[in-house]
Amino acid sequence: MTKQSHSSRWITISLLFTLALLNWGCASKVQPTEVVAKQTASSLPVEQKVQTPQGALEITNVSVSKPSFNPAQGDGVQLSYALSRNADVTVRVYDPDHYLAQNLIVDEFQQAGSHKLIWDGKDIDGNIVPDQAYFFTIEARDASRNTAVYDPTTFSGGEEYDITGVRFDREANTVAFNLPKGAWVRGWFGIRKGPLVKLLLDWEPRPAGENIVFWDGKDQDGVANVFEHKDFVYRILTNTFPENSVIVTAERDKQLAQKCAAQLGEAVWKQREEFKTDVETASVDEAISKALKAPESNVFISDSGDNITAGGAGDIPLFVEGLLKAGAPDAVVAGISDPEAVARCVEVGKGVSLTIEIGGKLDKINGSPLSVTGKVIHLSPNLSEEKGPSLAVLRVEGVDIVLTSTRQAFTTLESFHRVGIDALKRKIVVVKLGYLFPQLRDNAPRAIMALSPGFTDLRMEMLPFQRVRRPIFPLDKDFTWQA
């Protein structure tokens, strides 16, 4: 919020007032004038009255019915004001950054006298506004096109001062302080000549009067007790609101939060059976069978239980074993993380056949090494010239197995090109992923997500949970739930 000193404000207002008098006296006839309401020294509710020539349009007696309210409970705040003449009136609500929150009325004709409007705490779209302090502006224009404007940011707010006399209750874990005016408050605590250890309030809107904040005295990490330190210090700084601001407090409503949580829980429970993957799924054997029989020329299968991008080991050779058993004539498995197997392929060289055990070395729970005999058909150089090849392709019957020296996910077509494979020209391509990454998904004629075993197994009921409260869905099906 823009801050302006009192002296500069009154100099500006005095200059405007002087210019207005000059125009009034020199003009051949009366010209339309703009009138700005300013603060008087009276106590709240403040009467904002414009010192204008007799009979001019004025906005006076501006006040709000309460300093804060909770729209989530159907609460509202009343804005009151008076007009000296009949006028077309616009009343708006703004947030601290001067963004429009709501139009209460726009160019509505109102007669001279007192008026009241209610704001329900909702924005233009009908949503409850975030917890914050909001202010009102009033614009009026009479039949002679004279205007009057009430904008509290032009004459109030923005005063910064420190709060003293803060009271700490170590037994109740509270910090209490008094504010002479509603203000944004920043309170931080630390050690004298040491670090800041706790930011308790970060420009939080607070009403005038006594304010109580709960704090157990612990630092930002919840470890050290700052209260117990002999050099404990604090500072609470405020920045006052524009006059007649109101604070919305819907987000602090614990009862509302519990009610909303219960409603959300009930909605989720009613739709629990609808939470499914948005792609075709199958077991490992079913996925292989469907791919072999598929009319599509190319099928990608995601080995979701061994998904490298989600924390899987990436070395379970289950699909290699299944494809060989099914006699797949044209398949790729990318890849199996096994630096020892890569080193062995490099040792024998490209074009040489060998028998080797692959995989099952990282995830020994869900897989075990698989012995295969095949020919090394490709070795990819390492990006570092100091090291040997980092990728090897071993052809075993109709299956090309990409062996990697590190856990590597194949997420693009280019990643296959690096090992000399055109993935879209192969009948079956198995990747250690969950959902296919965008380029593969957009180019694959068909995609199947295999619900396979591994550290990232999507079959929740297959995981060995031990410390969960039962019953719980989807581990348990036959039970009822109520918030």
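The values are calculated or read from the model by the stated rules, or taken from the named source; none is laboratory data. The shown structure was predicted, so the numbers you read here are calculated from the model rather than taken from an experiment. A quick note on method: Cβ atoms are made from the backbone with ideal geometry, for glycine too, and the neighbour counts reach across all protein chains shown.
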How about the range 407-416: which of its residues are under 13 Å from ALA392 (Cα atoms) and modelled with pLDDT of 95 or more?
PHE416
One residue from GLY305, GLY314 being under 38 Å from the mean Cα position of the chain (by Cα), part of a loop (DSSP other than H, G, I, E, B), of a type outside the set (A, V, I, L, M) and at pLDDT 95 or above
GLY314
If I filter the range 64-75 down to residues being buried (at least 17 other Cβ atoms within 10 Å of the Cβ) and of a type outside the set (Phe, Trp, Tyr), which single residue comes out as farthest from ALA148 (Cα to Cα)?
ALA72
Given the conditions (1) in contact with a Leu (Cβ under 8 Å, 6 or more places away or on another chain); (2) in a strand (DSSP E or B), which single one is not true for ILE124?
(2)
Test GLY351 against the criterion of being assigned to a loop (DSSP other than H, G, I, E, B), closer than 30 Å to SER297 by Cα and either in contact (Cβ under 8 Å) with a residue 12 or more places away in the chain or in contact with a helix residue (DSSP H, G or I) (Cβ under 6 Å, 6 or more places away or on another chain) (or both), and give yes or no.
yes
When the range 261-298 is examined, which residues are found to be part of a helix (DSSP H, G or I), of a type in the set (Gly, Ala, Ser) and in the same structural domain as TYR435 (by TED's automatic domain parsing)?
ALA287, SER289, ALA291
Going through the range 154-169 in order, the residues found to be in a strand (DSSP E or B) and closer than 12 Å to THR240 by Cβ are GLU160, TYR161
Looking at GLU108 and the list (1) under 20 Å from VAL246 (Cβ atoms); (2) assigned to a strand (DSSP E or B); (3) not hydrophobic (A, V, I, L, M, F, W, C), which single condition is not satisfied?
(1)
Have a look at LEU451, LEU458, LEU413 and point out the one that is surrounded by 11 or more Cβ atoms within 10 Å (Cβ to Cβ), free of Cβ contacts under 8 Å to residues at least 60 places away in the same chain and within 34 Å of the chain's Cα centre (by Cα).
LEU413
Conditions: (1) under 14 Å from THR238 (Cβ atoms); (2) without any contact (Cβ under 8 Å) to a residue 24 or more places away in the chain. LYS218 meets all but one. Number of the miss?
(1)
Please work out which residue is farthest from SER63 (Cα to Cα), limiting yourself to the range 221-248 and to residues that are free of Cβ contacts under 8 Å to residues at least 12 places away in the same chain and either in a helix (DSSP H, G or I) or small (Gly, Ala, Ser) (or both).
GLU228
Can you name the condition, by its number, that ARG85 falls short on among (1) exposed (fewer than 12 other Cβ atoms within 10 Å of the Cβ); (2) part of a loop (DSSP other than H, G, I, E, B)?
(1)
Which ones in the range 70-94 are within 14 Å of PRO130 (Cβ to Cβ) and either basic (Lys, Arg) or at pLDDT 95 or above (or both)?
VAL93, TYR94
Filter result for GLU251 (outside any loop (DSSP other than H, G, I, E, B), under 23 Å from the mean Cα position of the chain (by Cα) and at pLDDT 90 or above)
no
So is LYS259 of a type outside the set (Ser, Thr, Tyr) and either buried (at least 23 other Cβ atoms within 10 Å of the Cβ) or within 26 Å of the chain's Cα centre (by Cα) (or both) or not?
yes
In the set ASP151, ASP162, ASP107, ASP120, which member is touching a Lys or Arg at 6+ places or on another chain (Cβ under 9 Å), modelled with pLDDT of 95 or more and not β-branched (Val, Ile, Thr)?
ASP107
Residue in the range 462-479 that is in the same structural domain as ALA294 (by TED's automatic domain parsing) and part of a helix (DSSP H, G or I) present:
no
Read through the list (1) among the aliphatic types (A, V, I, L, M); (2) closer than 19 Å to GLY367 by Cα; (3) surrounded by fewer than 24 Cβ atoms within 10 Å (Cβ to Cβ), then give the number of the only condition that ILE316 fails.
(3)
Is it the case that the range 208-224 has a residue that's surrounded by 14 or more Cβ atoms within 10 Å (Cβ to Cβ), over 22 Å from the mean Cα position of the chain (by Cα) and among the aromatic types (Phe, Trp, Tyr)?
yes
